[in-house]
1. Take the residues in region B:101-116 that are in a helix (DSSP H, G or I) and of a type outside the set (A, V, I, L, M, F, W, C), then tell me which one is nearest to the other protein chains (Cβ to nearest Cβ).
2. Residues to consider are B:Phe28, B:Phe47, B:Phe51, B:Phe105; find the one that is among the aromatic types (Phe, Trp, Tyr) and either in contact with a strand residue (DSSP E or B) (Cβ under 9 Å, 6 or more places away or on another chain) or away from DNA strand C (no atom under 16 Å from the Cβ) (or both).
3. Which number in (1) closer than 17 Å to B:Ala76 by Cβ; (2) free of Cβ contacts under 8 Å to residues at least 40 places away in the same chain; (3) facing chain A (nearest Cβ under 9 Å) marks the one condition that B:Gln152 misses?
4. Between B:Ala99, B:Ala24, B:Ala65, which is within 18 Å of B:Glu133 (Cβ to Cβ) and either modelled with pLDDT under 95 or more than 16 Å from DNA strand D (Cβ to nearest atom) (or both)?
5. Exactly one condition in (1) more than 16 Å from DNA strand D (Cβ to nearest atom); (2) among the polar types (S, T, N, Q); (3) within 14 Å of another protein chain (Cβ to nearest Cβ) is not met by B:Ser32; state its number.
6. Go through (1) small (Gly, Ala, Ser); (2) within 23 Å of the chain's Cα centre (by Cα); (3) open to solvent by less than 20 Å² (accessible area, probe 1.4 Å) one by one and return the number of the condition B:Ser23 breaks.
7. Out of the residues in region B:78-92 that are open to solvent by less than 20 Å² (accessible area, probe 1.4 Å) and of a type in the set (Val, Ile, Thr), state the one that is nearest to B:Thr60 (Cα to Cα).
8. Considering B:Arg11, B:Arg3, B:Arg38, which residue is over 20 Å from the mean Cα position of the chain (by Cα), farther than 17 Å from A:Ser113 by Cβ, surrounded by fewer than 13 Cβ atoms within 10 Å (Cβ to Cβ) and outside the structural domain of B:Tyr175 (by TED's automatic domain parsing)?
Protein chains: 2
Amino acid sequence: MTRAEQKERTRQAIINAAFSQLSAEKGFASLSLREVAREAGIAPTSFYRHFADMDELGLTLVDEAGLMLRQLMRQARLRIEKHGSVISTSVETFMEFVAENSNVFRLLLRERSGTSAAFRGAVAREIQHFCAELAHYLRKQTQCPLEHAQLQAEAMVTLVFHTGADALDAPRELYPQLTKRTITQLRWLAHGAASYGRKQPD
Amino acid sequence: MTRAEQKERTRQAIINAAFSQLSAEKGFASLSLREVAREAGIAPTSFYRHFADMDELGLTLVDEAGLMLRQLMRQARLRIEKHGSVISTSVETFMEFVAENSNVFRLLLRERSGTSAAFRGAVAREIQHFCAELAHYLRKQTQCPLEHAQLQAEAMVTLVFHTGADALDAPRELYPQLTKRTITQLRWLAHGAASYGRKQPD
DNA sequence: ACTTTGAGCTTACAACTGTACGCCAATTTA
DNA sequence: TAAATTGGCGTACAGTTGTAAGCTCAAAGT
């Protein structure tokens, strides 16, 4: 089985090479097959033994990023159970994620509005997962109608993601301020949804 | 003066060529100087008589887009004075803008998280203008503290922009639904900010 | 032990990129 | 009218890209 093992290893080398070449100045679109192959330590044409396309690589990266997103949510839930305060804990956890995995978050952020419909769809699906889980959680907590919860979850995720995007261009010292602002926005939203909801059920 | 006149004309030809080559599948980054020159009807090297760089062209495009954004806000205000309902009128006006100028909106959306710091900065500035005007308006209307208004305006713009992004990939039939959802989110936010604000002034 | 498989390599090519250089011709200036 | 300026052109070059074709050779299958 050393055969398949070796293959998987260079496959990972390719994926790692791609991730490590992403940066603030370089998006996936401006990544070239040859560059990736070079950094992965293989010949350009060997790339095709693992991926048919750069697009296929990209979708793999998005999948991996989505996986990390789900881990993030799990971690947030754990912290909430211990620490209590739902909103602030969530935002803080998310900001940590962005700080420590900026390349991963940037990938999601960019390809969400990128030039490939397949990429956009993949990212949208990952974020939708995220929203759905959050909505489920909200519904348990506030016992509001499902559609309500979904709409609120979507807005929350939108606001948090936007803050994450700001964070990518901000020095670390500003993170507390960004976090605080976002927490306020989310509290407003939650409060409004709770009290306004009754007057306008649909 | 036919000299400068002619120059300005081909300059506009370049700008138009660039705009017309933007699409869902093609972002500014994947635009080539030669392609743009070809569509503008000039030789590749003639491009340099007008812009030092593709980047310089890009910043010009962003400026132009920002200008349209400000026109949009003016139009929204006019409609509000006639029609009343602030939130729904704003969202509807914005959705029309996105539908009719999708390439312009896409440019802003993409370069906001693009690979050029200069671009990101330029877009951020345009959106900040947008937010500031909205904040000014909110403050007049609700008489809340300035920081409050800015925070709320920022959240509103974030939510509306995000809906615009969704709209780019959605068939026209879904626009009313998207619009309705966003209006609800904005109402929640406004309501929450108004009532929650007193309890937590800062 | 023999054959098949397949990951990885080298070489090669055609397409495209940005841009340096120098010329032309028409407008503008002196 | 003579000189200077300048928008536009054609040519040319070096670099990069994706990928096709065919080889090698060690592991896996028989």
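The values are calculated or read from the model by the stated rules, or taken from the named source; none is laboratory data. Just so it is clear, the model here is predicted, and its values are computed rather than measured. Methodologically, a virtual Cβ is constructed for each residue, glycine included, from the backbone with ideal geometry; neighbour enumeration extends over all protein chains shown. Each accessible area value is taken on the protein alone, full model and side chains, heavy atoms only, with ligands, DNA and RNA left out. Shrake-Rupley method; radii C 1.70, N 1.55, O 1.52, S 1.80 Å.
1. Result: B:Arg110.
2. So the residue among B:Phe28, B:Phe47, B:Phe51, B:Phe105 that is among the aromatic types (Phe, Trp, Tyr) and either in contact with a strand residue (DSSP E or B) (Cβ under 9 Å, 6 or more places away or on another chain) or away from DNA strand C (no atom under 16 Å from the Cβ) (or both) is B:Phe105.
3. (2)
4. One residue alone meets the criteria, B:Ala65.
5. (1)
6. Result: B:Ser23 fails condition (3) only.
7. Result: B:Val91.
8. Exactly one of B:Arg11, B:Arg3, B:Arg38 is over 20 Å from the mean Cα position of the chain (by Cα), farther than 17 Å from A:Ser113 by Cβ, surrounded by fewer than 13 Cβ atoms within 10 Å (Cβ to Cβ) and outside the structural domain of B:Tyr175 (by TED's automatic domain parsing), namely B:Arg3.
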